[in-house]
């Protein structure tokens with residue numbers, strides 16, 4: 001691919017440089033191969049500009065970044081936003097994408113929403129995939145992952161591969177790190193979902209307000225101009241997200257107990273525990289219906305409704321979508337029933353933030369015939385401020 005094809009007209013390169021052939025992209029000097037274009041990105045602990053010489057020695061034919069180093073041996077393309085430039089270049093280098101893409105953001109529930117959306121699409125007959133914390137799940141493979149939103153090169157390579165495999169519908173998680181670092185730029189997002197917002201990633205975001213602003217990028221900048229926004233309406237910040245979507249002229253679907261059930265949205269009318277499932281009454285387009293949701297916890301109802309909204313908003317038949325909710329399977333490690341011990345059910349949950357831990361314990365309390373016992377932890381190199389909050393939640397919501 002020609003270098004000029006990877007950048008806009010304002011890249012400021014001469015004609016000869018623009019004709020340079022590029023055979024790959026890299027943002028890690030250790031992964032550079034001969035013919036690659038290397039992006040020198042400033043990170044949280046080091047600056048990619050320090051590794052330009054190593055990248056060139058490994059075979060990089062050009063470098064892109066914010067500031068050109070002295071005495072460069074290969075062409076340098078200056079860009080004011082190297083991370084965004086990388087994502088847009090990756091989208092051009094790997095041009096294929098599934099035709100319908102939904103992205104979901106929020107503090108909790110992203111993995112479940114992505115998994116549920118994929119499952120509903122699949123049941124409606126669409127070859128579907130999901131990308132997120134549990135990896136890539138598609139009709140042909142299941143590849144474990146550890147990053148919620150992959151780096152732009154890996155993400156666009158994956159999108160291109162999924163489209164080549166025949167996947168037409170994709171649900172992906174949009175983390176605050178991914179949004180802030182422009183990893184999703186260049187992805188053709190048709191619908192965006194929002195679950196909730198609570199304290200998280202305070203080791204990265206200076207304030208909760210900054211954390212929310214980062215989430216709003218999905219609605220303000222990334223979803224297509226005529227796209228869909230599915231927003232859980234039951235939280236303090238829901239109004240702010242709705243305002244951002246309305247300002248962009250997106251089609252807004254409000255879901256939850258405050259959902260717009262009389263029109264486009266989905267209103268949760270009632271929910272009753274039914275074994276390890278729930279009997280849920282919903283309203284959509286002015287009509288009430290009752291479904292059997294095979295999931296534990298009201299927060300899973302929120303996740304299921306966001307997923308249903310994303311599928312309906314991208315063309316799914318409402319009756320088929322609500323019928324599909326009765327067949328949902330929980331995402332791995334998300335309030336997952338893994339067995340029992342001495343008659344007591346044993347659950348595993350990913351909860352690693354205060355709000356998620358509280359929701360998990362509250363959801364499980366009805367199933368504790370005697371005591372509710374919890375074992376939890378927090379990453380040693382992450383936000384230390386949430387640990388006493390999680391400890392207090394454990395004391396208040398569990399017996400041991």
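Before moving on, here are some points about what is shown:
- Among (1) within 20 Å of residue 109 (Cβ to Cβ); (2) in the same structural domain as residue 128 (by TED's automatic domain parsing); (3) touching a helix residue (DSSP H, G or I) at 6+ places or on another chain (Cβ under 7 Å) - the single one residue 276 does not satisfy: (3)
- Selection status of residue 254, under 20 Å from residue 192 (Cβ atoms) and surrounded by fewer than 23 Cβ atoms within 10 Å (Cβ to Cβ): no
- Qualifying residue in the range 30-37 (condition: in a helix (DSSP H, G or I) and surrounded by 12 or more Cβ atoms within 10 Å (Cβ to Cβ)): yes
- Exactly one residue out of 324, 331 is surrounded by 13 or more Cβ atoms within 10 Å (Cβ to Cβ), over 30 Å from residue 371 (Cβ atoms) and out of contact with any strand residue (DSSP E or B) (no Cβ under 7 Å at 6 or more places or on another chain), and it is 324.
- Taking the range 113-144 as the range and being within 19 Å of residue 299 (Cα to Cα) and modelled with pLDDT of 95 or more as the test, the residues that pass are 113, 114, 115, 116, 117, 118, 119, 120.
- In the range 3-20, residue modelled with the lowest pLDDT [restricted to those that are surrounded by fewer than 11 Cβ atoms within 10 Å (Cβ to Cβ) and not in a loop (DSSP other than H, G, I, E, B)]: 10
- Looking across the range 363-386, the residues that are part of a helix (DSSP H, G or I) and crowded, with 16+ Cβ neighbours inside 10 Å come down to 363, 364, 386.
- Of the strands (runs of 3 or more DSSP E) lying entirely inside the range 98-154, those containing at least 3 residues that are in contact with a helix residue (DSSP H, G or I) (Cβ under 7 Å, 6 or more places away or on another chain) and either within 23 Å of residue 216 (Cα to Cα) or touching a residue at least 12 places away in the same chain (Cβ under 8 Å) (or both) are 100-105, 128-132.
The values are calculated or read from the model by the stated rules, or taken from the named source; none is laboratory data. From a predicted model like this one, the values you see are computed outputs, not experimental measurements. Glycine also receives a Cβ, built like all others from the backbone with ideal geometry; neighbour counts cover every protein chain displayed.
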